[in-house]
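Worksheet: one structure, shown below.
The values are calculated or read from the model by the stated rules, or taken from the named source; none is laboratory data. Keep in mind that this is a model prediction, so the values were computed, not measured. Note that each Cβ is placed from the backbone with ideal geometry, even for glycine, and that neighbours are counted across all protein chains shown.
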Amino acid sequence: MQRGISFGIVFLSALALTAVVGAETGDPVAVWNQTYGGLDTREAASAVVSDPGGAGFFLAGERTLSGEGTTGALVSRLTPEGTEEWNRTYGGKGAAARSIAGTGDGNLLFVGSLVSVANETRADTDAWAVKIDPSGNELWNRTYGGPDENVSANAVALTDDGGYVFVGSTSSRKESRSAARVVRLNESGSEVWTRTFDGAGNTTANAVALLPGGGIVVVGSTKPSGAGMADVWAVRLNESGSEVWSRTFGSPDDDAALSVIATAAGNLLVAGRFTERPDNTTVDTDALLVKLNLDGEILWNWIYGDFGVNESAAAVIETMDGGYLFAGDTGFWGVNDTDAWLVATDAEGAVAWSRTFGGENPGDLAVSVVEVAPDEQIFAGTFNATGRGGAVNTDAWAVRLGPPPEPTPTPAATPTPGPTATPLKPQKAPALLQKPPPVTPTPGPTTAEPTATPTVTPTPEPTGTAEPTGTPTVTPDDNQNDTDNDGSITGTVWYDLNADGVLDPGEPGIPGINVRLIGHRTMADHAATGPDGSYRLSAVPPEGYSGVEFLLPDGYSCTAPGRDSDAGPVDRNVAFAEGGAGRNTLNAGFVGSFRPETPAVSYGWIFGTTWSDDNADGVWKDETYGLTDVEVRLLDADGGTVASTRTKHHDIYTSFYLFGPLLPGEYSLSFTPPDSYVFTAIGLDSHADPLTGTTAPITVVDATPVVRNAGLVLTLASGGPGNEVDSGQSAPTVTDRLRDPENVAEQNDNTGTELRVTGAD
């Protein structure tokens, strides 16, 4: 990403104010709480809107028949009391509704995506708009896309002339990256104009707001090429779709805008998620609000969240009292333990109240919210209704909030005991990290003040070849449940050669695996497995722990449930083993895409890291910024490709790849540099040839792990015609992004990530 003039928002880790907010006296309460779904179907609500001609509400989302994929877009009509009057599905398999709006004539329009099969062989995804009447009858139905692209619609807004604007993304069949798409429609659904915003990496539009006088503001995210992370993106267009300005805002990690509104005072409010590394190792996601004027300049910005808990803001509205309310989710990292989260603020972003809502199961989300009266709101989302021991089942979900009832005087007589209401799941009451009073930045080049970078030293960096360690002898009934009874959590990560969940004799331990001890609110400790696959986590919180996470390298997954594996998959990146009283040993069995064809007495392993070597000395340092998603190929003695993988995040090595189990023999590696990177000189820790990216031959003899790393240096990208950028200063390196204390920055449209705009009227 090309960075230019920067306007610092704040270094939130050092300057945060903390306010613990839970359900307090005077906070809103649930007037009603309803779920909508069937026993053999899974439903999810993506949006809620007030009935344009009545007092009820409409939900839009999707319905899935268990085991058969999405069966259609879902629309439900609710009474003011939350009772479902009717529900209908539209489209077919692969259809979904993402946004719904009243059309001004008493009807409704929803947009989303529709999948069709071209030439009876190829699935095509088109953006989709359907106009319905209040009874759900279809008035018209249009799709937007082409034979060589997949298009989706994420949000829609009504224009002053009775037409519509929808936004989403498009991707070519020939390329994996996406571009943002903005489409203006007339009242009958015909295209007036289309604009596409195409950056170096993935760009998507998630939300749209209309301005008085016909202007349009679109927000989403954009990602540069190579190893860069996604940033918040906002663009203003005129009525004809021509760009007025474009801005990007971001941290060194992934950020995104998910919602935008035009405020009554003539400004813009953007909501989304912001990612930071408070201790330089833990990745922490918070909800984000950024207030802009109509020229795209920041007025204030706050993040909301608690260290060790991930939060996001999926939707935001302006309330009748002049404040704001956002809906999203909050949950513990890596275990999908999310609840719906609502936060109300005043006009300057200071928290008025905060509430969480959810059931006993994880995965509850709020994605849309509307205000129906002063101090009364309805939010919609997804509720995990899975029964104990049953198949996963989710429902569309809506909750109406209102002010707490007035207290009733206590009668003199002793009341007759009555039924007790069942409370909602206890509130997580996340602490809200907020910045000090906003300071309006002065435009112009700025030089960041240097700050000390925390040094992480729990485990030495991966250099050279690890010393050999004896492989433990495993008997068929040995579950490795041996500890020193010192309160530590121990275990083994092993490669399950026959994928049966049993640690059999001869199945090797896996070295280098990132293991995390998860407390009740945050990560308490982390380690990497040794050459024999064993680990030890000593910093067990006094109040106990939730479990242990195992980060899955690219190409590896959990083995089948069995006697010796305590871990189950959370997603393709993380496996989780649940803790509990007396559970001091937690093991994890992995399987992988690369598996030896013949048995061996011992198997070898090759692993390592790729990093940004800012001073090009070939030395890996504790404060090094690792590069993920870098391709690494394993070559045989003849130079043929045996296997391929990509680096992924690692708490200790910052990025990590792994090959194995390997049969004894001669191998080498070939690293593919990301765009705008070249290899550093071969040094103490970098083993890749600067010209070819390959390593010297590696001889695998036994189970001793071999470590091979590659340092890379960011170069100035050469701009082609029309891509020249002259910001008056040199392009910052990746480490500038890591070390700059003002690491949340705005990029002006002449210095930020350049997006190529295409389209036709």
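So here's what we get for this one:
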item: Within segment 676-702, considering residues that are buried (at least 24 other Cβ atoms within 10 Å of the Cβ) and of a type in the set (Gly, Ala, Ser), the one nearest to residue 631 (Cα to Cα); result: 688
item: Failed item in (1) closer than 19 Å to residue 100 by Cα; (2) outside any loop (DSSP other than H, G, I, E, B); (3) at pLDDT below 95, with residue 161 passing the rest; result: (2)
item: Identity of the residue in segment 187-224, hydroxyl-bearing (Ser, Thr, Tyr) and under 21 Å from residue 256 (Cβ atoms), that ends up surrounded by the fewest Cβ atoms within 10 Å (Cβ to Cβ); result: 196
item: Residue match in segment 85-96 (condition: crowded, with 24+ Cβ neighbours inside 10 Å and either within 20 Å of residue 367 (Cα to Cα) or in contact (Cβ under 8 Å) with a residue 60 or more places away in the chain (or both)); result: yes
item: Residue within segment 100-112 that is part of a strand (DSSP E or B), modelled with pLDDT under 90 and over 20 Å from residue 41 (Cα atoms) present; result: no
item: Qualifying residue in segment 589-602 (condition: within 25 Å of residue 332 (Cα to Cα) and out of contact with any Pro (no Cβ under 9 Å at 6 or more places or on another chain)); result: yes
item: Subset of segment 113-138 [exposed (fewer than 14 other Cβ atoms within 10 Å of the Cβ) and in a strand (DSSP E or B)]; result: 117, 118, 122, 123, 138
item: Scan of segment 680-713 for residues that are touching a residue at least 24 places away in the same chain (Cβ under 8 Å), in a loop (DSSP other than H, G, I, E, B) and among the aliphatic types (A, V, I, L, M), ordered by number; result: 681, 682, 684, 696, 701, 703
item: Count - residues of segment 308-331 that are more than 14 Å from residue 287 (Cα to Cα) and part of a strand (DSSP E or B); result: 2
item: Output for segment 636-656, where each listed residue is in a loop (DSSP other than H, G, I, E, B) and either outside the structural domain of residue 698 (by TED's automatic domain parsing) or touching a residue at least 24 places away in the same chain (Cβ under 8 Å) (or both); result: 636, 637, 639, 647, 651, 652, 653
item: Number of the condition not met by residue 340 [criteria: (1) on the phi < 0 side of the Ramachandran plot; (2) surrounded by fewer than 24 Cβ atoms within 10 Å (Cβ to Cβ); (3) in contact (Cβ under 8 Å) with a residue 40 or more places away in the chain]; result: (2)
item: Tally, over segment 548-569, of residues that are at pLDDT below 85 and crowded, with 16+ Cβ neighbours inside 10 Å; result: 0
item: Segment 141-153: number of residues that are surrounded by fewer than 17 Cβ atoms within 10 Å (Cβ to Cβ) and either farther than 17 Å from residue 99 by Cβ or of a type in the set (Asp, Glu) (or both); result: 3
item: Options 633, 572: the member that is outside any loop (DSSP other than H, G, I, E, B), of a type outside the set (A, V, I, L, M) and either surrounded by fewer than 21 Cβ atoms within 10 Å (Cβ to Cβ) or in the same structural domain as residue 337 (by TED's automatic domain parsing) (or both); result: 633
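The rows are residues; the columns are (1) modelled with pLDDT under 90; (2) within 30 Å of residue 113 (Cβ to Cβ).
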residue: 11; (1), (2): yes, no
residue: 14; (1), (2): yes, no
residue: 20; (1), (2): yes, no
residue: 24; (1), (2): yes, no
residue: 32; (1), (2): no, no
residue: 37; (1), (2): no, yes
residue: 51; (1), (2): no, yes
residue: 57; (1), (2): no, yes
residue: 70; (1), (2): yes, yes
